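Here's the structure we're looking at; comments come further down.
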Amino acid sequence: MLAAAMLFSILVGSVPISFAALVEALQSGAETTAGKILFSLRLPRTILVAMTGAALAGSGTAYQGLFRNPLADPYLIGVASGAGLGAVAAMSLRWPYTTLGLMAVPLAAFASGLLTVAIVYALAKVGRAIPASNLILSGVAVSSFATALTSFLMLRSSGELRRALAWLLGGATMSGWQPVLALLPYWAVGLGILLTLGHALNVLQFGDEQAQQLGLPVTRVRRLIIIAASLTTAAAVSFAGIIGFVGLIIPHILRLLTGADYRRLLPLSLVGGAVLLLAADVLARVLLAPQELPVGIVTALAGAPFFLWVLRRSRQASFWS
Amino acid sequence: MLEVRDLSAAYSGKHVLKSLNFSLQAGEMLAVIGPNGAGKSTLVRVLSGILPPQSGQVLFNGKNLAKLPPAERAQLIAVVPQARSIPPAYTAWQVVMLGRTPYLNWFGQTSPQDDELVHLAMERTSTLELAPRLVGELSGGELQRVLLARALVQTTPVLLLDEPTTHLDLQYQISLLKQVQDLIHRPAGWALANGHGAPGALVVLHDLNLVARFADRVLLLVQGQLRALGSVSEVLQPEMLSEAFGIALDVVQNPIGAHPLVVAR
């Protein structure tokens, strides 16, 4: 499925590439026009989109497990907006458009994303529990605040507003291989850590007290999950903008399909997230072709109804607690 | 084996346990009784390392438990929680297997020996046929036995049970405590898995008649203080209980059994 989605994403676009042309380009390298489009535009974009989808779904799965809350998602709990603020702040400093300069952006995004999750966490906490409604409400509030600051920064900056806006709505507008290379280290480290946390997340589902009685160093594990998930989110946001709902939808669907075991859920969610975002990206490119929609609009159009469905469901069913 | 020395604990400055001294022996069931708010659950939380003691110590064979990392402590003390707070989407087998956590690596990799222990524990608690089912679908009695099995595979010398019978009907109350008693008095197989002998169990109980029937010794807690500690007949005295629970109680000879009966006057 992932391979099919990637193939689709490579071939579809304002200049469609036929399968024959793909084969030819693969043989002859970047000589032909199709080959150029393929290697310098489509392929890096496809990889970037797939990495972003994996990052969002992976961190969404981790956040849901961490907060023991089916509505946790990097977007809904405000981490994405917080990271976006950090990224825009870093961009407004106008680092040079090089791989190294680009790497500073996710670092800033990571720092402010981490700060955001700390604030949301503190606001939502009642005693030792984090009620679902509190988590979402404080997430929305902090998220709005961060978004407002981001808009302010963008209006003040002399750069091209339209481009920044498109980025913020989630469009992989940066092209070429540089963003892929700059994203790679954060992405690999963040997801690499998250993938080891399946067992710990399983134990955490029983609550902090039981987890500790089962021998899990709870505080340390929680901190590690937050750091890894926020790093992953920040990396995705820095290069693809704020894309909602991927981190909400994928863990849910997978949980229904494969059960609650996070050791299976985490790796599968990476694949699922990549497939979903690739599909959304292809849609974003063809719906109003030759104009491109920001992919965040597509995921929000599909994700918001899904969110409402989950909200209804989690109120009725004993699915989670 | 487990020794509690001059133990005090507090929640947000309020004293909940005051200078407790007692010990738990291998192969005995020690029932902890007392009115609501006496500090029974707090005692379980302190013993299991959730709440650090304000002063005093909990020692296992001379080792201070507060100084041990969580995994090592979980190899010595297992807790059977109340059945309410269990995520429903795991299978019974998965839940029991999590009892192996203190012995597993970071990835939770399990070995055939772990499978064997889980199998054994589920057999002993008569939950083997529940293994593939989601715990969300189980009855309270079934779930409580699954949680007992989870504590068993921790193969600890100490078991703590916090009001394990609260949400169960009479049949399950009896059968659960029978199983615990059986495990303590006939620990063959599972308890020896980590080199300890028969385990000792500390059980918080509300029903004094269950205490009379199953406990080897009884500890009466009143307002965080140890009011009495001794055999069933020593502690289940009408005056002492009446005073502790604030209601007139009688202890009468059971006409059909060996254990005394506690009745409200």
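List of remarks:
- For the pair A:THR33 and B:ASP169, label points projected 7 Å from Cα toward Cβ lie 7.9 nm apart.
- For chain B, the mean residue ellipticity at 222 nm estimated from helices alone is -8500 deg cm²/dmol, where every DSSP H run of n ≥ 4 contributes -39500 (n - 2.57) and the total is divided by all residues, rounded to the nearest 500.
- Here the Gaussian network model covers chain B, with springs between Cα atoms less than 10 Å apart; of B:VAL252, B:VAL204, B:VAL153, B:VAL252 fluctuates the most.
- Convex hull volume of the Cα atoms of the protein assembly as shown, normalised per residue: 168 Å³.
- Once backbone amide H atoms are built at 1.01 Å from N, B:TYR90 has B:VAL135, B:GLY136 as its partners under 5 Å, excluding neighbours fewer than 5 places away on the same chain.
- Projected over every direction and averaged, the convex hull enclosing the alpha-carbon atoms of chain B yields 14.4 nm².
- Subtracting the Cα-Cα distance of A:SER144 and A:ARG312 from their residue separation scaled by 0.36 nm leaves 58.1 nm.
- Applying both filters, DSSP loop and at most 16 other Cβ atoms within 10 Å, to the trypsin sites (Lys or Arg not before Pro) of segment B:57-156 gives B:ARG84, B:ARG133.
- Based on Cα atoms of segment A:49-314, Rg over Rh with Rh as the Kirkwood radius reads 0.96.
- Cut-off under 5 Å, modelled amide H: who pairs with B:VAL80 long-range: B:LEU160, B:LEU161, B:ASP162
- Hull volume in cubic angstrom per residue (convex hull over the Cα atoms of segment B:90-199): 99
- FRET efficiency, B:SER126 to B:SER55 (Cβ-Cβ, R0 45 Å, nearest 0.05): 0.60
- Partner chain coverage, peptide B:253-265 - average Cβ within 10 angstrom: 0
- Relative contact order for chain B, counting Cα pairs under 8 Å that sit 6 or more residues apart, in percent: 24
- With a cut-off of 14 Å between beta carbons, the residues surrounding B:GLY197 carry a summed charge of 0, where Lys and Arg count +1 and Asp and Glu -1.
Any read-out appearing in this document is the output of simple, stated calculations on the displayed coordinates, not a laboratory observation. From a predicted model like this one, the values you see are computed outputs, not experimental measurements. All Cβ positions, glycine included, derive from the backbone under ideal geometry; neighbour counts span all protein chains shown.
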